[in-house]
Amino acid sequence: MFCFDNTFSAVSEKIIFFELILDNMEDLEGGDPDWKEYVHGTDMLDMKLEDIMAMGADGGSEAAPATPWRKVLYERQPFPDNYVDSRFLEELRRNVGVRRYRYCAVAREAGLVAQQVSCVAAVLTLWSYMAQGRLSPFMLLGASLLCALLGYVLYEALGGPRGSERTRWADLQSAAIFLAFTFGFSPILKTLTESVSTDTVYAMSAVMLLAHLVSFPYAQPSPPGSLSLNAALFGSVCLASRLPGALHAFAMLTCALLVFALWPCLLHRLRNRAPWTFPWAAVLLSLAAVTGLATLSLGGALLLVLALLALTLLCPLLLLRLQRHKDNIHGPWDEAEIHEDLSRFLH
Amino acid sequence: MGQRKRPGARGSLTSATPGRIALPARKSAKHNVCMVSDFFYPNMGGVESHIYQLSQCLIEKGHKVIVVTHAYGNRKGIRYLSSGLKVYYLPLQVMYNQSTVTTCFHSLPLLRCIFVRERITVVHAHSSFSAMAHDSLFHAKAMGLNTVFTDHSLFGFADVSSVLTNKLLTISLCDTNHIICVSYTSKENTVLRAALDPEIVSVIPNAVDPGDFTPDPSKRDDGKITIVVVSRLVYRKGIDLLGGIIPELCLKYPDLHFLIGGEGPKRIVLEEVREKYQLHDRVRLLGALEHKDVRNVLVQGHIFLNTSLTEAFCMAIVEGASCGLQVVSTRVGGIPEVLPEDLITLCEPTVGSLCEGLELVIGRQRAGTAPPPAAVHSRVRTLYTWRNVAERTEKVYDRVATAAVLPLDQRLRRLRARCGPVAGSIFALMAVLDFLFLLLLRWLVPDSLIDVAVDATGPNGLWTQTWKG
């Protein structure tokens, strides 16, 4: 069967199929068997009008190509330059190395995001209590120190890779230096933003805490990334400067450091050493944050619950849904990636 | 020249010349071609030499060819290159990597003026990285001129930047008459990126001038084995791999030397390796090479190494083979299509695989079983010639000349249909605005008032006469 394709025509686009019936087949077979060597299945079908005309122009001596097309440039092949072989795009690969996610696993990982949101909510609740004078700074300081001590003991008990030369003495030293400096500078911190309007301070701390949540290194939370930690501490300093006294500011900062700097380290170790504890810790923390917020504002607590549920249950579902639409194409045109570690040759 | 011999007269092998697209019975018409690209001399690179060589061969065949590019520093206005190739250096603002700023409209007055003055029939744009090329296609379609586009590079699909550029390419190419790619892999890539009908994409490889790259075994020192690398020292050329190969092989073979030509940000990697392993006398970094010096570097070596991570065609390995060197290369992009298996050793893009391939070739070199340079050269010299490229490109022009340029309404419909509802509509609006702008320009300065430029090019052009006279 011949097919005449005149898609290049300006006037109309149509494909016409012709059935070519050779009624003198016996004659040909007997008389001139040569032509059959040139006709191989679909080769003939893929020819264009031009090719057929070209054959005519060449005096009909040239038949359809007997050699199959090869994907090489160094050989002059009997095909037009715009020839499309059936092997076109055969090296195309789709969705290579796509990971199939399980809902439980994704939801569990999303718990990390939820607990970080809860942490921010908890710090804000504590700040609000102090601003209203319903929580004394001594109480917060005492609770913070107790938590820090408990956490430190737990951290050590869980064991794991210790920083090379870091002794307990060094830890104590840094803690003492931090406490002393924060305490010494707390009057300055208190008056730091006095010339700035309260609205600006609130807006700034909101933006900073959001930046903390966005830039938090969820994949590798220990040690907390410098951008996220700095954003969180800056937000805390802004908030602390609106508290009634210098001691309040000191307590607030100690608490913020505990939550934003030390807690992620402990949580990371918990996840590594005792994975079963992580969902419990996340749920407990979220519950604590929600109840804390509920005592201040029921609406806020409801919104927080909705946000946490959306983060842990809805977003993973969405990810799994969208994963189905993934259509990534790969082929020989992709830039090769260097997977080996080549720095060993340099250092 | 004008009367091209029909292939039938030259035996059956050549009668199967690829590129038989146009109706061969008709004598090839003369085209007035305008090559447009941001990349042209004095900038150096594959696209630049492609445009230059192709233009020269087309002029030789009697076509009129002009080149349009942007001003390079002090080089602006009109310049003539050999055989009267006229180059317009337009005063357009360069933005990044020698690519011009595009607003889709501001280049229309200049380009229209050139297209009308030079009586252009075919606009041939080069390189998808060139904003000017896409602009010219856009305006040429508005003016009803035939358009051809040559894509010289490969592009991925995975990241945000490629998603955006691929969308732009789809928009730019959806109503372009014909597209040329430099290898089959490049064709697959372009067809996928721009969602094209593969029938309107031709594969015409690049070429090298075999006369420029002749072997000279007397220049090399057979007492040692020299590996030559000539490439820009950038990440995409796999220079990090080279930084791993050098110490690995230098420790194993005390008579091995490296000769590295080219410049770029990854030079520091090679310098560090050279420093750390104390290879100053065995690894020579030559810095940037002029095109005319490349051959003199190549002939000093036994093995040509190419470590590219992506490559549409790779002229460098053809140049290396043409100088009679054993070629070792990564198997990426269109490279496997370029040289016959017995002239190239293909490896995976890892240090281990490349070292294995190199050791194989070093062994062959030591045993003396490697083919002599002259034999390699004689095989390569006929593979890729600019004459052949020009002949095949000419057929594309012949075919394009018979195709109709879509009128505005069909262009708009195709943009909406092929490029998605949002981008398609935006660019349909742009096309309408461009057309209105063109009407305004035609009203201000009618085509009939624009002077026709004297065609100086061609074998019997005014250019040669004035020089003789």
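Does A:Glu37 fit the bill of being facing another protein chain (nearest Cβ under 9 Å) and at pLDDT below 50?
It is false that A:Glu37 is facing another protein chain (nearest Cβ under 9 Å) and at pLDDT below 50.
With (1) touching a Phe, Trp or Tyr at 6+ places or on another chain (Cβ under 7 Å); (2) within 30 Å of B:Ser448 (Cβ to Cβ); (3) within 14 Å of another protein chain (Cβ to nearest Cβ); (4) touching a residue at least 60 places away in the same chain (Cβ under 8 Å) as the list, and B:Asp175 as the residue in question, which single condition is left unmet?
Just one mismatch for B:Asp175, condition (1).
Using beta carbons and a limit of 8 Å, which pairs, at least six apart or on different chains, have the first residue in segment B:388-413 and within 12 Å of another protein chain (Cβ to nearest Cβ) and the second one acidic (Asp, Glu) and not in a helix (DSSP H, G or I)?
Qualifying pairs under 8 Å: B:Arg392/A:Asp81; B:Lys395/A:Asp81; B:Val396/A:Asp81; B:Leu406/B:Asp175.
Could you check segment B:287-312 and list, in sequence order, the residues that are in a strand (DSSP E or B) and closer than 16 Å to B:Lys237 by Cα?
Residues satisfying the conditions are B:Gly287, B:Phe304, B:Leu305, B:Asn306.
Each row is one residue, and each column tells you yes or no for (1) within 17 Å of the chain's Cα centre (by Cα); (2) within 13 Å of chain A (Cβ to nearest Cβ); (3) assigned to a loop (DSSP other than H, G, I, E, B).
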position	(1), (2), (3)
B:Lys141	no, no, no
B:Thr150	yes, yes, no
B:Ala158	no, yes, yes
B:Ser161	no, yes, no
B:Lys167	no, no, no
B:Ile180	yes, yes, no
B:Leu192	no, yes, no
B:Asn206	yes, yes, yes
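Residue pairs, Cβ under 6 Å, 6 or more apart or interchain, first in segment A:312-337 and within 14 Å of chain B (Cβ to nearest Cβ), second of a type in the set (S, T, N, Q) and buried (at least 16 other Cβ atoms within 10 Å of the Cβ). List them.
Taking only residues 6 or more apart or on different chains, the pairs are A:Pro332/B:Thr185; A:Trp333/B:Thr185; A:Trp333/B:Asn189; A:Glu335/B:Thr310.
Quick check on my filter: what residues within segment B:364-419 are crowded, with 17+ Cβ neighbours inside 10 Å, under 25 Å from the mean Cα position of the chain (by Cα) and of a type in the set (A, V, I, L, M)?
B:Val376, B:Val380, B:Leu383, B:Val389, B:Ala390, B:Val396, B:Val400
Cβ-Cβ under 9 Å, sequence separation 6+ or interchain: first residue in segment B:33-51 and part of a loop (DSSP other than H, G, I, E, B), partner among the basic types (Lys, Arg). Which pairs?
Listed by first residue and then by second, the contacts come to B:Tyr41/B:Arg75; B:Pro42/B:Arg75; B:Gly45/B:Arg232.
Mind checking which residues of segment A:228-254 are touching a Pro at 6+ places or on another chain (Cβ under 9 Å) and assigned to a helix (DSSP H, G or I)?
A:Ser228, A:Leu229, A:Ala232, A:Ala246, A:Leu247, A:His248, A:Ala249, A:Phe250, A:Ala251, A:Met252
I'm checking my understanding of the structure. Among residues of segment B:281-338 that are among the acidic types (Asp, Glu) and within 14 Å of another protein chain (Cβ to nearest Cβ), which one is surrounded by the most Cβ atoms within 10 Å (Cβ to Cβ)?
B:Glu311
The values are calculated or read from the model by the stated rules, or taken from the named source; none is laboratory data. Note that the coordinates shown come from a computational prediction; the quantities given were computed from them, not determined experimentally. Here the Cβ is made from the backbone with ideal geometry for all residues, glycine too, and neighbour counts use every protein chain on show.
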